[in-house]
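A quick write-up on the structure given underneath.
The values are calculated or read from the model by the stated rules, or taken from the named source; none is laboratory data. Because the structure is a prediction, the values reported are computed rather than measured. As a convention, Cβ positions derive from the backbone with ideal geometry for all residues, glycine included, and neighbour counts pool all protein chains shown. Remember, those area values only see protein heavy atoms, side chains included, never the ligands or the DNA or RNA. Shrake-Rupley method; radii C 1.70, N 1.55, O 1.52, S 1.80 Å.
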Amino acid sequence: MLSPTHLFLIPPTLLLCLLIRRLITNLFFHPLSSFPAPFYTRLSSLPLAILSLLGREPVFLYNLTKKYPSARAIRITPTLLFFPHASSLKPIYWSPTHNHKGSLYGTGALGPTSLFSTIPADDHKALRKSLGGAHWSVSYLKTSQEPRIDSLVTSLVNQLSLLPPDHEPFQMGDKLAQFAADVMTLLVFGKPWGFIAHDRDERRLLTAFRESLPMFSFAARCNSFRELILSSARMRGLVMPKVDDKTGSGYLASQAKLAVAQREQEREEGVEEEGKVRDYLDYTLDARDSKGEPLTKAQKEAHATLLIQAGADTTGSGLGAVLRLMLEHRECLDKARKEIEAAEERRLLSTPVLYEETKQHLPYFVACIKEGLRLNPPAPNLFGRIILEKGGTVIDGVHVPQGAEVCSHPYAVGRDPEVYGPDAEAFKPERWLGDDEKHRAEMEAANFVFSMGPRVCLGKEIAIMEMYKVLPEIVRRFDFDVVSAGRYVDRGGVAFNKDLKLRVRRRA
Ligand code: HEM
Ligand SMILES: *[C@@H]1O[C@H](CO)[C@@H](O)[C@H](O)[C@H]1NC(C)=O
């Protein structure tokens, strides 16, 4: 006879059996069972989720490449293969058939579906076609948007110039992120929010974004957390960061809504200013789908929000990382400054320096930027793609079964010894200026900082323009006392520069 106590034990026992079955399947009977990996990442997706929460994912993945030096693919969750070598990038990210995004993008944590979080390849292709265009190109930026970015560079330089010589040290990483946030709000909404002018994180935009990332990234990695908890709107409300309307993403979303409504009304009434520089909100309102229809209201708002979220912290992080690494390698900073001085002597540089001038006349500085982004990529995330082909496919010499998720990783692949050699971990801008043209082309082709292929970063040229302008200008105008060297910190797939504390002195 079963007593009531025994009956109560049935459900937990069943659950335990199911769990054990899942673990055993993951270890021994899963289609990815034969791929190398530590037993704990083959068992469950929880370990990687925890490592990400702790900010240790990039180094963990890089460590795996050394632990399994001959592996072409490593199984970092039961369902996800990580490809550590640059030779995998083209087959993963350029293939039109692998353009279906993975689970990472499906958490809904960053708000309504945008270009970035559109999962199926065909939907993305159509949306990208309507939102892309010439206004993302360098030549457009140089003629139309660079003068506006100049005005922000000038405000930043003026502000730093006014500091007394014995001023309180400040967080340069945050300052540069604020600059990037001003650029993005200017380009998208037509006016900077005033991060630089008010010398603060306006509406906690950057801080709130950083705070929301670890939870988003945990959810993106931990399969059962996502399946069990995030599928219910109520549970989601409980665990996800709250958005309130006065700060952070909630405020940003409300501003996007307001701006779309206002701009549409202005257009209807025909009260647009003459000669006004068009901003990215204008281009979003102009976007048409394949049937010639404008985007929906929700799509327009989501795109405006996305551009700020995708372009502010990332670019700020890149700016901070390059400067920090140059300060850590004083000989590189000195060399870059000599190059600037030589160009100045030949009267080749405007004030502030133009994108094209840096590109033409400051090759060493450009190499420092490439090297900084390579070693400290601003978006060290898992950009997963699902293999949908019947019978699977071959990537980097490895057969991958249908249904598996694959990814590479900017931090690890940026240190691939097959491309960068035995000194891959060293900050060596000279490597980008070597005589071996073939090797240089190989390094360029391995650049995964902005991803690549049909879903490559849309704002890459904007980010590079910011770097080519504000960094040489700061190095040209200021000397630096490093109070705290700072470090590269991963916060759930977006990096930032913690504790880069400086004093600056205007140079004569
Ligand atoms: C250094 C700065 C930046 C880095 C490292 C970066 C990195 C990336 C990466 C890796 C992706 C691809 C993600 C994926 O495959 O899922 C991406 C996508 C994207 N980025 Fe950036 N980004 C930067 C700056 C910007 C800026 C300034 C903007 C906007 C003006 C921007 C807008 C976007 C958009 C809209 C997408 C989605 C593209 C699509 O899915 O079609 N990014 N970015
Ligand atoms: C990576 O490897 C280094 C050196 O072996 C070790 O000290 C560190 O703890 C490892 N980090 C992670 C996150 O695995």
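Global dimensions of the stretch 1-88 from alpha-carbon coordinates: Rg and Dmax equal 17.7, 64 Å. Helical content of the chain, expressed as a calculated mean residue ellipticity at 222 nm, amounts to -15500 deg cm²/dmol (DSSP H runs of 4 or more residues, -39,500 (n - 2.57) each, divided by residue number, nearest 500). Residue separation of D199 and K257 scaled by 0.36 nm, minus their Cα-Cα distance, works out to 18.3 nm of gained length. The portion of the accessible surface of the stretch 183-334 made up by carbon and sulfur, rounded to a whole percent, is 52 (1.4 Å probe; DNA, RNA and ligands excluded).
With a threshold of 19 Å on the Cα-Cα distance, the over-threshold entries among K359/K469; K370/K469; K370/K438; K142/K428 are K142/K428.
Mean projected area of the Cα convex hull of the stretch 59-209, taken over all directions, amounts to 13.6 nm². Each of the peptides 432-441, 448-457, 18-27, 347-356 was scored by the mean count of other Cβ atoms within 10 Å over its residues; in descending order, highest first, they stand as 448-457, 347-356, 18-27, 432-441. With coordinates expressed along the principal axes, the C-alpha atoms belonging to the chain extend over 93, 61, 47 Å, beginning with the largest.
Say the dipole of the chain comes from +1 at the beta carbon of Lys and Arg and -1 at that of Asp and Glu; which of Q178, Q145, A197 then lies farthest toward its positive end? Towards the positive end, the residue furthest out is Q178. Pairs from the table (K300/K460; K191/K300; K297/K390) lying more than 29 angstrom apart at Cα are K297/K390.
With r as the distance between the Cβ atoms of L54 and D481 and R0 = 51 Å, compute the FRET efficiency 1/(1 + (r/R0)^6) and round to 0.05. Mind showing how you got there, number by number?
Numbers: r = 32 Å, r/R0 = 0.63.
Given R0 = 51 Å and the Cβ-Cβ separation, E is 0.95.
Taking the Cα centre of the chain as origin and assigning +1 to Lys and Arg Cβ atoms and -1 to Asp and Glu Cβ atoms, the resulting dipole is close to 1420 debye.
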